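As structure tokens, the structure follows; a few thoughts come after it.
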Amino acid sequence: MTRAVKKLDLDPVTVRKARSLARKAGKPIVNIARQHTTVSVERAVLRLAGLAGADSEGIPWVNRLADTVRADVGLEHGLALPVWDALVRGEAEDLAVLAQKAASGSVTFRLPEGRDAVRARAAARKAAAGGLRKVDARRRERDRLIAKHGDPEQRPWIYLIVATGDIYEDIPQAQAAARAGADIIAVIRSTGQSLLDYVPEGATREGFAGTYATQENFRLMRAALDESSRELGRYIRLTNYASGLCMPEIATLAGLQRLDMMLNDSMYGILFRDINPIRTFVDQRFSRQIHARAGIIINTGEDNYLTTADAVEAAHTVTVSQLLNEYFAKEAGLEDWQLGLGHAFEITPEIPDSFRLELAHAMLARQLFPDAPLKWMPPTRHMTGDVFRGYLLDGFFNLVGAMTGQGILLVGMMTEAVVTPWISDRDLALQNVRYVLGAAGNLHEDFHPAPDGFIANRARQVLGESVELLEKIVDDGLLNAIGDGTFGLMKRPQDAGRGLDGVAKRSAAYYNPAIELLEEAQ
Amino acid sequence: MSIIRPYGDTTGDGMVQMSFTLPISHDKRAEGAAVQLANKMGMDPALVVHAKPMGPDFTFFVVYGPVNHLVDTDKVEVIERDYPLLSPKDANLAIRKGLRRRLTVVGACIGTDAHTVGIDAIMNIKGFAGEKGLEYYRELKVVNLGAQVAVPELVRRAKAEEADAILVSQVVTQREAHVLNTKEMSAAFREAYPEESRPILVAGGPRFTEQMAGELGVDRVFGRGTTPGEVASYLVDVLVTRRIRTPNRRSA
């Protein structure tokens with residue numbers, strides 16, 4: 001991606017300073033993440049090792065097994081040693097049987113020591129390596145299919161959402177959207193799934209304003225889009241959400257089922273879902289390590305800051321969050337091409353020069369992250385129900401996307417905030433995108449803002465404010481900054497929030513074969 | 001002037017434009033079908049100004065024409081909500097001016113119900129239906145206790161937080177659990193507080209109707225589709241504007 005780069009005369013010293021401050025702010029968080037584990041990280045290891053399914057009450061076996069082991073020996077050593085120790089001891093022939101026995105109370109777990117620990121470790125490592133081999137095979141399969149069917153002809157890639165609540169309704173809608181021009185299909189999750197401390201099982205037909213993320217739903221949709229890819233001669237990507245309390249498990253399932261992109265923000269769950277900060281950062285690091293290995297592109301959620309705060313006043317918080325997301329992502333092994341850093345067209349349309357401000361912010365993001373497939377999000381706050389005005393706003397949104405070389409364009413609907421998109425809304429929205437990309441897709445070649453003009457000055461101003469905020473965060477410590485309400489209006493102290501009881505400080509004996517293997521490869 | 005017609009560019013022309021999709025492929029018959037629908041809706045003559053295939057099985061139409069219906073504005077019935085709907089800004093302002101302290105809201109899913117969808121949609125900043133949740137309101141102090149909260153625990157926390165209002169959400173309706181749980185909650189609060197300083201009790205859930213408030217012993221019931229703004233506006237109305245009850249008389 002060489003387009004639109006270096007058009008703003010940003011001071012390279014300031015840019016380097018911003019990155020180094022982000023690193024300083026993020027480093028202590030990474031250290032905390034390395035010193036802790038969570039129930040969901042541990043359950044993800046079990047999923048990677050092949051444990052799937054649920055009991056008759058719908059509680060996943062990974063939860064049953066994890067809860068029993070935790071009650072016997074605690075969480076702080078990780079689950080791998082006690083679980084594979086039980087298997088090595090011959091308590092059960094495989095994980096599935098062990099989970100059943102654990103649920104019925106007929107196995108007691110212990111923390112193995114000495115030679116027993118060595119054997120348990122080796123067995124656990126072998127099982128986790130088997131799971132990672134599956135993830136690797138899925139990644140090679142994606143590469144093969146992209147080589148065969150091809151990538152979309154144009155940038156940005158066109159991203160459309162389906163959200164019926166019923167996977168069997170989602171499938172024809174997703175296929176129709178792909179036929180109509182979508183390159184990426186995102187299946188919105190059911191409201192509230194982020195707060196479930198388990199991943200539901202099986203194909204699901206009843207969600208609230210979205211469809212549950214389950215391994216089977218992932219499989220069904222990926223298979224349907226493989227069919228569409230063959231039909232259309234371009235690889236259609238599938239997106240879901242690795243967020244909320246089960247982020248590491250969902251990331252693992254995404255790797256196993258060849259999802260292509262996952263929403264995965266470093267602070268969204270803390271700020272907008274009141275999930276405990278430590279829980280989030282530990283879960284996030286593991287899920288990003290998995291995404292790195294699986295060749296999945298992450299999408300970050302900076303658009304959310306602009307839906308709660310003013311998009312001009314809060315512009316620098318987007319940049320700060322992008323820089324933090326970049327640091328955490330790279331630390332976890334993700335590469336530039338996997339960073340779908342988010343930003344959004346949310347400036348109040350009535351303020352003077354709103355379009356020029358949007359251009360300045362979008363160009364700033366483009367130039368700060370030249371090799372990342374930035375995700376450009378449409379207006380939502382200022383979509384009033386006046387669908388005609390909304391259609392025009394979406395047109396201007398598309399124009400900014402074309403002029404600033406965005407990587408992923410989430411298609412805006414004129415009926416945003418009115419109805420879930422009708423077939424005609426989607427068709428009109430795609431016409432809008434096609435018209436703008438066709439008419440002005442190469443405008444970035446001619447478009448060079450004046451070096452001392454409004455746009456360049458605004459970009460420098462936002463970058464300057466970002467550095468100031470990062471300096472403050474580094475002084476305070478990121479966790480304190482989050483606790484003080486620096487981001488959005490939310491105060492989220494590190495000793496409160498959902499999922500805190502699922503966090504444990506790692507003991508000296510802690511062992512996690514998946515993290516070990518992922519970090520060796522890095 | 002109580003009888004009116006739509007206005008295009010001349011008084012009384014009755015002109016209307018509309019768009020819709022029919023689930024058939026685009027051809028002359030499809031356009032005829034669009035005219036027929038428009039005629040049946042009272043538009044005559046109907047002019048199909050745009051017809052576009054959307055895939056092989058659907059056609060999108062834009063139709064213009066006069067409608068032959070008359071509207072009598074005297075016969076329009078309006079059901080008013082009994083409290084004014086406020087923006088977050090206006091709600092904050094009303095609390096700041098009227099109460100001179102933050103208004104404390106304690107929310108929970110009570111009993112065995114683990115479905116926090118409803119309470120979270122109302123309370124989390126993420127919100128619902130394009131509206132931010134109660135956490136977004138600067139002048140509201142929001143304490144969300146989450147799922148499976150026992151009633152005595154809820155009462156204890158309400159006292160500790162000096163709650164002005166209690167929000168409980170109930171989704172599970174097996175064996176009337178939502179009704180029984182809510183009745184247990186309201187009885188406990190009535191026992192624990194003198195009536196005049198008891199917090200406002202609000203119950204919400206998809207299977208409740210507004211008329212059930214008396215039966216449940218709560219001050220207000222919100223049903224399916226309620227938005228955070230409606231709940232906030234109601235709380236401002238009863239606790240600040242009308243003061244039907246005055247919990248925590250510390251400054252009121």
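For B:G130, neighbours were defined as the other residues whose beta-carbon sits under 15 Å from its Cβ, and their charges (Lys and Arg +1, Asp and Glu -1) total -3. Using C-alpha pairs below 8 Å separated by at least 6 residues, the relative contact order for chain B is 17 percent. Think of it as helices only: each DSSP H run of n ≥ 4 in the protein assembly as shown is worth -39500 (n - 2.57), and spread over all residues that comes to -14500 deg cm²/dmol at 222 nm. Counting protein heavy atoms only, segment B:147-228 has 48 percent of its accessible area on carbon and sulfur, 1.4 angstrom probe. Between B:A150 and A:E519, the FRET efficiency estimated from the beta carbon spacing at R0 = 41 angstrom works out to 0.40. Shape of segment A:151-272 from the C-alpha gyration tensor: prolate (a/c of 1.5 or more and a/b above b/c, with a ≥ b ≥ c the square roots of its eigenvalues).
Heavy atoms of the protein chains alone define the surface here; on that basis chain A has 37 Å² accessible area per residue at 1.4 Å probe size. Enclosing the Cα atoms of segment A:19-132 in their convex hull gives a volume equal to 129 cubic angstrom per residue.
Size descriptors for segment B:5-55, from the alpha-carbon set: Rg then Dmax equal 12.4, 40 Å.
Counting DSSP beta bridges in the protein assembly as shown, what percent are antiparallel, to the nearest 5?
35
Can you give the longest stretch of chain B with no exposed loop site, where a site means trypsin sites (Lys or Arg not before Pro) in a DSSP loop (not H, G, I, E or B) with at most 16 other C-beta atoms within 10 Å? The longest uninterrupted stretch comes out as B:1-80.
By the gyration tensor of its Cα atoms, with a ≥ b ≥ c the square roots of the eigenvalues, what is the shape of segment A:53-112: rounded for a/c under 1.5, prolate for a/b over b/c, or oblate?
Because a/c hits 1.5 or more and a/b fails to exceed b/c, segment A:53-112 counts as oblate.
Summarised as an ellipsoid, segment B:1-117 has semi-axes of 46, 26, 14 Å, derived from the eigenvalues of the Cα gyration tensor scaled by 5 and square-rooted, with the largest first. Just to be sure I follow the definition: excluding the sites themselves, where is the longest run in chain A that has none of the GluC sites (Glu not before Pro) in a DSSP loop with at most 14 other Cβ atoms within 10 Å? For GluC sites (Glu not before Pro) (loop position, at most 14 other Cβ atoms within 10 Å), the longest site-free span of chain A is A:351-522. Size descriptors for segment A:294-393 (Cα atoms only): Rg and Dmax, in that order, 14.3, 45 Å. If one takes the accessible area of chain A alone plus chain B alone and subtracts that of the pair, with a 1.4 Å probe, what total in Å², rounded to the nearest 100, results? Using a 1.4 Å probe, the pair buries roughly 1700 Å². With all protein chains in place and a 1.4 Å probe, the accessible surface of chain A carries 51 percent carbon and sulfur. Our Cα-only numbers for chain B put the radius of gyration and Dmax at 25.1, 74 Å. Taking 7 Å steps out from each Cα toward its Cβ at B:L180 and B:Y193 produces label points 2.6 nm apart. Shape class for chain A: prolate, because the ratio a/c of the largest to smallest gyration tensor axis (alpha-carbon atoms, square roots of eigenvalues) is 1.5 or more and a/b beats b/c. Our summary of shape: the Cα atoms of segment A:384-522 have principal axis extents of 61, 45, 38 Å, ordered from largest down, in whole angstrom. Split chain B at each of the GluC sites (Glu not before Pro) in a DSSP loop with at most 11 other beta carbon atoms within 10 Å, and the longest piece is B:81-252. In segment B:39-85, the residues that give up 20 Å² or more of accessible area when the other protein chains are added, compared with the chain on its own (1.4 Å probe), are B:K52, B:M54, B:F58, B:F60. Calculated on C-alpha atoms, the gyration radius of segment A:374-431 divided by its Kirkwood radius gives an Rg/Rh of 0.95.
How high is the FRET efficiency between B:I244 and A:E169 when r is their beta carbon distance and R₀ equals 51 Å, given to the nearest 0.05? About 0.65, to the nearest 0.05.
The values are calculated or read from the model by the stated rules, or taken from the named source; none is laboratory data. These numbers were taken from a predicted model, which means no experiment stands behind them. Note: ideal-geometry Cβ built from the backbone for every residue, glycine included; neighbour counts use all protein chains shown. Just the protein is used for accessible areas: all its heavy atoms, side chains included, with ligands, DNA and RNA removed. Shrake-Rupley method; radii C 1.70, N 1.55, O 1.52, S 1.80 Å.
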